[in-house]
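None of the figures in this text is laboratory data; all of them are computed from the coordinates on show. No experiment lies behind these values; they were computed from the predicted model shown. In this analysis, Cβ positions are derived from the backbone assuming ideal geometry, glycine residues included, and neighbour counts consider all displayed protein chains.
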Amino acid sequence: MRKRVSIGTCLVGLVMGCQPDPVEVVWTSTNFAMSAGHTPAIDFRDGSQLMSGGVVRTGTETATANLSWTPGPQTGAVKVEFRLFPADGGDSIRVGMRKVGPPKADRASVHVQISSAVLRQNTAHWVMARFYGASGESLSASSFPGSWVSLGAILPPGQSLEEASNPASGSVTLAFGGDANLGRRQNGLSGMRGPEDALGRLTMFSQADLSVLNLECVIASGGEVGVEKGELVPFYYRGRPEQAQVLTAAGVDVVATANNHAGDYGTQALMEQRAILSAAGVLTPGTGPTLAEACEPVIVERSGVTAAIISADTTLALFGASVDGPGTCHVPGDDTAGAIEILGPSIDRAREMADVVFVAMHWGKNLKSRPSSATRRLARRIIQSGADAILGSSAHKLQGVEIVDGRPIIYDAGNVLFDSHAEGEMARSGVFVLDFDRDGVHRVEMHPIDVDYGFSRPAVGNSAARTMSRFRDLSAELGSAVRFDDGVAIVDLSDPPRRGPREHAETPVRGGVSRVEPLSQAPVGCVVDAVPDDAKIEPISWGPVRLIGARMAPATPSERQTVWVETWWTADTAVPDDLWMYQRVKSVPHRPEAMWWSDHEHCDWAWPTSRWLPGDIHRDVYGVRPPKRSEPGDYELVIGLIKDEARMGPSQRILEFRYR
């Protein structure tokens, strides 16, 4: 049986216009005799499969793309979006979106006719497709982070596919973002909004040849809760394994992992993170099973230019790796000679293997708008030791750029993603785009962004103007001139001095890439056999969920000491929603300014209620941090649940204690 459907549409390119029947969908129960093009068989999340694809140029401004697609057993209405992506890294061009489902037979062949004056340019264009389900969500393809799959290339006359993929030593762009916290509330926000929501608006990452940010958390399913950090009331950030999708959806290639939150859940979680992100295709310099491996550069090749990225931290020695023990690449921030003793050999190895060396530094104190003199001394030595640029983070505030020996030092890019309602400077940051080639960096752009509650977006209007002006002034203090052009702050660099010939080592071959899915079984410690006798309470219900046990440690906390609340829960029926728990510590009598509070999903964000099995006992441990203004006296612990950002009935008083 064979059914043909012709669909009229308007193609979108540099020349706007309508053409009849540019997309033809043919349904059939017979196998298509199609030769595989650039695309191998690809499995989508809904069980459907892209069997093959190919692209043929048919004229100076026209081409045809073909794909063969098999629906899955549960596949409903499906749409396919087509785009042209220039191989030189320019802006993509939307061809159109067409409905391919619901299925009318076993297989579909889709023929797309492309017409655009852009094809006259002497640039290869990749034809990419993305599938969407009935509710509008993109159907993930594990082999292609970001869900775009390639059907093939439309090549200029006389150009080979190899030349289109790897033009000889051209200009390359690197996009760099600052602190990204994928833990804490971001777990729940990404679960509700989808992984594309957090960073997807910042297209600078996906459009750059190479994208890097500082991962201000650990991504793991397990680990140790309440790791001693040597801080009075520390913060702990852990993202569920599927939070790797936030990175891949945004097009992030590399995350710097040497920082003061890498070890928040111990070395077991840190090593688990390496495996999770490696499977997702994201490189993780900065941590490892030994100090040498933590400080080892990662190597990436783009357009014939090889780049090395090193990640190091000066902020928390406690998490530093040892000669034979896991941790971060930690270097002393106030001992320049000691820091270079560790970083120097890593930079030397990077120079042997790569054209350009980037050093991502997590350094300096929080909430500072200017680098310290110690940080500036260390930065100068890192450049003199062979780095082509420094990518700084840690302060949660945007700082200026300094030029040393013709090479840029980005002292701090501020936040790029955080799960809080930031204000002022903490809510206004930038994504830096560096243009470089084999000789080094030639230009730095700062694209202003607004950091909102669990997502970030390009800044516009007054917000963009304030961020750019602030960046210009801070850079001027460091002797760097900044100009503005079309909403971007630009630092122009003279041609960097040549460092001499390099001996190129072979770029490491990366393994297969897979989509990191949510856990199907509870992490260790999240489901237990019973409630301890000293923690049992009269059950309290919120809908299908019941609280059946609670206790806290220490039982009588002292001033400015985190209180660890341990609770036990169960449900007799399945829970369809991911409920949030909120915990409040209120003074008796209640004074709002003295209240402590926290909110999270169960098992410290690791095991949401929608994954519970009826009858299981679920254990949670979470810290409640007292504010600075808390005073000794009598307090009570209050607990409640949140559904869809609204409270589920009244909160309940659980425990009373004395705060000394």
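Summary table
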quantity: Most to least packed among 227-234, 301-308 [average Cβ atoms within 10 Å]; calculated: 301-308, 227-234
quantity: Aspartates and glutamates whose Cα lies under 13 Å from that of LYS365, excluding same-chain neighbours fewer than 8 positions away; calculated: ASP313, ASP334, ASP412
quantity: Kyte-Doolittle mean at least 1.0 and Cα axial length at least 30 Å: DSSP H helices in the chain; calculated: none
quantity: Packing rank of 284-297, 366-379, where each peptide gets the mean count of other beta carbons within 10 Å, highest leading; calculated: 284-297, 366-379
quantity: Kirkwood-based Rg to Rh ratio, segment 172-325, C-alpha trace; calculated: 0.96
quantity: Likely footprinting exposure, TYR622, TYR582, fewest C-beta neighbours within 10 Å first; calculated: TYR582, TYR622
quantity: Of LYS368/LYS628; LYS397/LYS586; LYS368/LYS586; LYS536/LYS643; LYS229/LYS586; LYS79/LYS643, those spanning more than 22 Å from alpha-carbon to alpha-carbon; calculated: LYS397/LYS586; LYS368/LYS586; LYS536/LYS643; LYS229/LYS586; LYS79/LYS643
quantity: Percentage relative contact order, the chain, counting C-alpha pairs under 8 Å, at least six apart; calculated: 9 percent
quantity: Alpha carbon convex hull of the chain, projected area averaged over orientations, nm²; calculated: 31.9 nm²
quantity: Value of Rg to Rh for segment 176-492 (Rh from inverse mean 1/r over Cα pairs, i.e. Kirkwood); calculated: 0.93
quantity: Segment 527-659 - percent relative contact order, Cα under 8 Å, separation 6 or more; calculated: 28 percent
quantity: Relative contact order of segment 192-341, pairs being alpha-carbon contacts under 8 Å that are 6 or more residues apart, as %; calculated: 22 percent
quantity: By average C-beta atoms within 10 angstrom, highest first, the peptides 312-325, 640-653, 206-219; calculated: 206-219, 312-325, 640-653
quantity: Long-range tail of P(r) for segment 540-660 (Cα pairs > 21 Å, %); calculated: 36 percent
quantity: Counting all C-alpha pairs of segment 282-412, share separated by more than 19 Å (%); calculated: 45 percent
quantity: For segment 610-660: span of alpha carbons on each principal axis (Å, largest first); calculated: 41, 24, 18
quantity: Summed residue charge, Cβ within 11 Å of ASN214's Cβ, Lys/Arg positive, Asp/Glu negative; calculated: -4
quantity: Ratio Rg/Rh, restricted to segment 355-464 and using Cα atoms, in which Rh is the Kirkwood radius; calculated: 0.99
quantity: Inter-centroid distance (Cα atoms) of segment 369-414 relative to segment 593-624, Å; calculated: 40 Å
